[in-house]
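> Would you mind keeping the following structure in view while I ask a few things?
Laboratory data are not the source of any read-out in this text; all were calculated from the coordinates shown. Since the model is a prediction, treat every value here as computed from it, not as a measurement. Backbone-built Cβ (ideal geometry, glycine too); neighbour counts: all protein chains shown.
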Amino acid sequence: MRRSRAETDANHATLGRRAALLGGVQLLFMGGLAARMRYLQVDQADQFRLLAEENRINIRLIPPKRGEIFDRNGLQLAQNVPSYRIVIVREDAGDVDDVMLRLARLINLTPEQVDSALRELNRSAPFLPVTIAEDVSWDAVSAVSVNAPALPGVSPEVGSTRVYPRGSDFAHVVGRVGRVSQMDLDALDDPDAVLRIPRFQIGKINVEAREEALLRGSAGTKQVEVNATGRVMRELERREGQSGAALQLTIDAKLQNYVQARLTGESAAVVIIDCEKGDIVANSSAPSYDPNLFIGGISSKDYDPLLTDKYRPLVNKTVQGAYPPGSTFKMMTAMAAIEAGIIGPDETVYCPGHLEVGGRRFHCWKRSGHGWVDLENSLKQSCDVYYYDLALKVGIEKISAMSNRFGLGIRHDIALSSVNSGLTPTKEWKLENRGEPWVIGDTVNASIGQGFMLASPMQLAVMTARLATGRDVTPRLIKSVDGVEQPVKGNGPLDMNENNLRKMRKSMYAVMNDRRGTAYRSRIIAEDMRMAGKTGTSQVRSAVVDNKSVPWEQRDHALFVGFAPYDNPRYACAVLVEHGGGGSTAAAPIARDVMLQALYNGEPPLEAYPAGDRGQIEEQQRRLRDVQPQARVKKGKDQA
């Protein structure tokens with residue numbers, strides 16, 4: 001059926017309108033697309049160019065140089081030295097097994113090193129370097145470099161590692177570093193990004209750990225261009241970081257070395273403090289160990305003997321150990337009573353060899369007794385009954401409070417690990433910690449440094465320095481940071497009656513210089529170097545038996561505290577010999593020798609010793625002379 005012309009025109013008009021509408025929509029879409037393309041390519045060009053640059057440029061950290069450590073005279077105690085290693089890149093090596101075989105023949109790799117490297121290669125991306133051998137010698141580096149054409153993918157690298165040139169002398173002071181462990185990272189709320197750098201080293205104990213923030217420094221950065229797989233194409237920019245601070249300690253390395261040598265064969269500790277500033281000039285714990293063994297990871301062969309040694313070489317006995325101070329504590333009991341006005345220095349107490357308290361007999365070390373004794377004679381002869389009697393009159397609270405004023409029962413803030421606070425017990429302490437009330441026998445035991453009373457050699461040295469000066473001497477271990485002297489803390493007056501302090505010092509002088517004094521055999525006879533002190537013997541068991549008849553672990557500890565010169569104190573010291581027996585026989589001779597070494601700043605003249613001792617001392621000096629260790633600069637183990 002033919003349509004009329006009018007219908008045909010109407011259809012054409014409808015189609016035209018639809019075509020126009022569709023064309024308009026297409027034009028609108030194309031216009032919007034063009035506008036969007038212009039916006040992205042022109043208006044946002046800089047932003048997307050930056051994003052592209054960021055996608056191909058990585059920022060990587062450069063490990064900072066660790067700060068070095070020196071003694072008070074500038075001798076190096078911890079240093080950084082180059083450390084060489086051999087690495088391999090799998091994608092450059094081709095036949096890895098063949099390359100490893102050739103390399104093993106060249107630098108004598110062990111089967112364990114080869115297996116470890118192959119396992120790491122299988123876990124890592126093909127373009128990442130994997131360490132085959134660490135701490136290799138320069139000869140090994142040279143051999144690899146010369147044979148580079150036959151060792152595709154293998155190359156030497158240089159890094160930095162820590163070395164302790166004074167060896168075991170400073171293990172318990174400087175400490176050591178080690179690789180960052182997951183435990184180290186977990187212990188930090190917000191770990192520094194530099195800690196995640198492979199093989200990065202941080203301080204593990206003592207000064208290295210306590211001053212980590214100063215010693216670590218801040219990391220540098222480098223911009224590197226990488227491809228889509230993460231392979232470094234080139235380095236674009238480098239900014240070096242800031243090296244760690246240089247620390248100068250108060251320790252005298254020569255004196256420290258002598259003390260360590262003097263303690264050979266003992267399980268012992270010695271602390272020597274400068275009475276003027278509180279500087280710790282010697283802090284020795286024996287036996288010690290070589291911290292260099294730990295740097296790259298210590299072997300079981302080296303570590304197991306350190307763990308099983310009954311003398312505990314890994315423990316810093318100067319601050320970690322807490323021991324009954326024995327008779328070296330008697331000055332605190334006396335000061336508490338005299339300062340409280342309960343007894344005068346010249347008042348006497350009768351010692352029949354024991355004291356009955358609460359139906360129990362507390363014995364004096366001299367079973368026959370000392371008779372009537374005053375302060376000086378009680379200290380000189382170390383009469384126990386005198387102090388039992390004082391303690392009953394003054395009470396434990398005043399004794400503990402006086403001990404705190406002299407630095408006992410206080411955790412001193414020094415840059416060493418696991419510093420022990422010791423213990424000066426009170427009635428409240430026993431009730432809270434033991435669930436038992438304080439009894440009168442506890443006071444009697446505490447009066448002579450037994451029972452619950454505990455102190456470290458560091459605390460005893462501080463106590464002695466305060467007795468010697470009447471000032472609040474506070475121990476200091478860090479002398480300067482980057483050449484800036486660190487402030488001396490404390491050092492104010494103790495607000496004690498100076499006459500009482502003088503009487504105490506005079507009594508300590510009699511201990512060493514009166515013929516009836518317990519330390520008379522260890523006296524110094526040089527007039528300007530005379531020493532005052534106090535011996536101590538602390539029991540480690542309740543039964544009183546001869547030390548020679550029991551195993552070493554059951555023998556009494558031997559202690560000594562002292563200061564010199566008597567009329568112008570320069571140094572105070574504390575000596576502990578674990579299970580050494582008597583303080584007068586085991587600890588006092590060591591104290592005299594180390595104090596003379598400090599006073600003379602080197603080997604003292606024989607004339608400073610009593611004539612009868614000079615032959616033995618001369619032999620000892622010959623044995624200990626020139627014991628300074630050779631500076632150990634780590635060059636790597638020769639594996640060729």
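> What is the calculated FRET efficiency for Arg199 to Glu276, with r their C-beta to C-beta distance and R₀ = 51 Å, to the nearest 0.05? Spell out each step's value before the answer.
Values: r = 44 Å, r/R0 = 0.85.
With a Förster radius of 51 Å, E is 0.70.
> Under the classification rounded if a/c is under 1.5, otherwise prolate if a/b is larger than b/c and oblate if not, where does the range 82-161 fall, given a ≥ b ≥ c as square roots of the Cα gyration tensor eigenvalues? Present the calculation step by step, with values, prior to reporting the outcome.
On the way: a/c = 1.42, a/b = 1.25, b/c = 1.14.
Taking the square roots of the gyration eigenvalues as a ≥ b ≥ c, the range 82-161 is rounded.
> Relative contact order for the chain: what is it in percent, counting Cα pairs under 8 Å that are at least 6 residues apart? Walk me through the numbers before you get to the answer.
On the way: 1304 pairs, mean separation 96.8, N = 640.
After rounding, I find 15 percent.
> For the range 421-465, list log₁₀ I(q)/I(0) at each q in 0.30 Å⁻¹, using the Debye formula over Cα point scatterers of equal strength and ignoring solvent, two decimals each.
-1.08
> Please give, to one decimal in nm, the separation of the simple spin-label points placed at Glu603 and Trp429, each 7 Å out from Cα toward the Cβ.
That separation, rounded to one decimal, is 4.5 nm.
> Work out how much length Asp413 to Asp95 would gain on full extension: take 0.36 nm times their residue separation and subtract the Cα-Cα distance, in nm to one decimal. Walk me through the numbers before you get to the answer.
Working: separation 318, 0.36 × 318 = 114.48 nm, distance 5.80 nm.
Full-extension gain reported as 108.7 nm.
> Using every alpha carbon pair in the range 189-309, what percent of pairs falls into each 5 Å bin from 0 up to the bin containing the largest distance?
In whole percents, the pair-distance histogram is 2, 8, 11, 14, 15, 13, 11, 9, 6, 4, 4, 2, 1, 0.
> On to the next question. Points 7 angstrom from Cα along the Cβ direction at Leu624 and Ala19: gap in nanometres?
Once both label points are built, they end up 11.6 nm from each other.
> Report ³J(HN,Hα) in whole Hz for each residue of the range 377-385, in order, from the Karplus equation J = 6.51 cos²θ - 1.76 cosθ + 1.60 where θ = phi - 60°; Gly and Pro get x.
Karplus values, whole Hz, x for Gly and Pro: 6, 5, 6, 4, 9, 6, 6, 7, 4.
> A follow-up question, please. How long is the gain from Arg570 to Ala246 if the chain were fully straight, where each residue apart is worth 0.36 nm and the alpha carbon distance is subtracted? All intermediate terms of the calculation are to be shown ahead of the outcome.
Values: separation 324, 0.36 × 324 = 116.64 nm, distance 2.75 nm.
Computed gain between Arg570 and Ala246 is 113.9 nm.
> Where does helix 253-262 land angle-wise versus the long Cα axis of the chain, in degrees 0 to 90, nearest 10?
Helix 253-262 and the main axis of the chain meet at about 60 degrees.
> Sticking with this one: Among all the lysines, which ones have a C-alpha under 27 Å from Lys301's C-alpha, if same-chain residues fewer than 8 places away are not counted?
Once the sequence-local lysines are set aside, what remains near Lys301 is Lys204, Lys310, Lys317, Lys634, Lys635, Lys637.
> Here's something else I'd like to know. Considering the Cα trace of the range 55-208, what is its radius of gyration and what is Dmax, both in angstroms?
18.3, 55
> If you don't mind, there's one more thing I want to ask. From the Cα gyration tensor of the range 143-213, with a ≥ b ≥ c the square roots of its eigenvalues, which class applies: rounded if a/c is under 1.5, or else prolate if a/b is larger than b/c, or else oblate?
Working: a/c = 4.15, a/b = 1.62, b/c = 2.56.
Because a/c hits 1.5 or more and a/b fails to exceed b/c, the range 143-213 counts as oblate.
> Which aspartates and glutamates, if any, have their Cα less than 13 Å from the Cα of Lys427, not counting same-chain residues under 8 positions apart?
Straight-distance partners of Lys427: Glu397, Glu436, Asp442.
> List residues of the range 239-270, by number, whose backbone nitrogen lies under 14 Å from a label position 7 Å along Cα→C-beta of Ala213.
Output list for this probe position: 245.
> Mind listing the long-range amide H neighbours of Ser267? Cut-off is under 5 Å, sequence gap 5 or more, other chains count too, H placed in the peptide plane at 1.01 Å from N.
When sequence neighbours closer than 5 places are left aside, the close amide H contacts are Glu578.
> Between Ser549 and Leu392, what length comes free when the chain is fully extended (0.36 nm per residue of separation minus the Cα-Cα distance, one decimal in nm)? Don't skip to the end; give the middle numbers.
Details: separation 157, 0.36 × 157 = 56.52 nm, distance 3.38 nm.
Value of the extension gain: 53.1 nm.
> Take the cross-link list Lys65/Lys479; Lys330/Lys503; Lys277/Lys330; Lys330/Lys506; Lys380/Lys503; Lys398/Lys430 and give me the ones stretching past 18 Å between alpha-carbons. All intermediate terms of the calculation are to be shown ahead of the outcome.
Details: Lys65/Lys479 21 Å; Lys330/Lys503 14 Å; Lys277/Lys330 25 Å; Lys330/Lys506 14 Å; Lys380/Lys503 12 Å; Lys398/Lys430 16 Å.
Cα-Cα > 18 Å for Lys65/Lys479; Lys277/Lys330; rest within.
> Which of rounded, prolate or oblate describes the range 253-624 when judged by the alpha-carbon gyration tensor and an a/c cut-off of 1.5?
Numbers: a/c = 1.39, a/b = 1.29, b/c = 1.08.
Cα axes put the range 253-624 in the rounded bin.
> Within the chain, what percent of beta bridges assigned by DSSP are antiparallel, to the nearest 5? Write down the numbers at each step before the final one.
On the way: 77 of 81 bridges.
Given both bridge residues lie in the chain, the antiparallel proportion sits at roughly 95 percent.
> With each label point set 7 Å from Cα along the Cα-Cβ vector, what nm distance links Leu185 and Arg102?
3.6
> Determine, for Val194, Val207, Val81, the number of other Cβ atoms within 10 Å of each Cβ, and report the residues in order from fewest to most. Working shown, then result.
On the way: Val194 19, Val207 27, Val81 14.
With the fewest neighbours first, Val194, Val207, Val81 line up as Val81, Val194, Val207.
> Something else now. For His363, His557, His579, which order do you get if you count the other beta carbons within 10 Å of each Cβ and list the fewest first? Present the calculation step by step, with values, prior to reporting the outcome.
Numbers: His363 14, His557 26, His579 21.
Starting with the residue having the fewest Cβ neighbours, the order is His363, His579, His557.
> For helix 330-339, report the angle its Cα long axis makes with the longest principal axis of the Cα atoms of the chain; keep it between 0 and 90° and round to the nearest 10°.
So the inclination is approximately 80 degrees.
> Order the peptides 129-136, 96-103, 465-472 from the highest to the lowest mean number of other Cβ atoms within 10 Å of their residues.
Details: 129-136: 20.8, 96-103: 16.9, 465-472: 22.6.
My ranking of the peptides, most packed first, is 465-472, 129-136, 96-103.
> How large is Rg over Rh for the range 240-348, taking Rg from the Cα atoms and Rh as the Kirkwood inverse mean of 1/r across Cα pairs? Walk me through the numbers on the way to the answer.
On the way: Rg = 20.3 Å, Rh = 17.8 Å.
Over the Cα atoms of the range 240-348, Rg/Rh equals 1.14.
> In what sequence do Ser218, Ser160, Ser378 fall when counting other Cβ within 10 Å, fewest first? List each step's numbers first, then the result.
Working: Ser218 12, Ser160 15, Ser378 23.
In order of increasing Cβ crowding within 10 Å: Ser218, Ser160, Ser378.
> Please report, in whole Å, how far the alpha carbons of the chain spread along each principal axis, starting with the longest.
Rounded to whole Å, the extents work out to 151, 68, 44 Å.
> Thinking of the range 346-395 as a set of Cα atoms, what percent of all their pairs are more than 18 Å apart? List each step's numbers first, then the result.
On the way: 244 of 1225 pairs.
Tail fraction, whole percent: 20.
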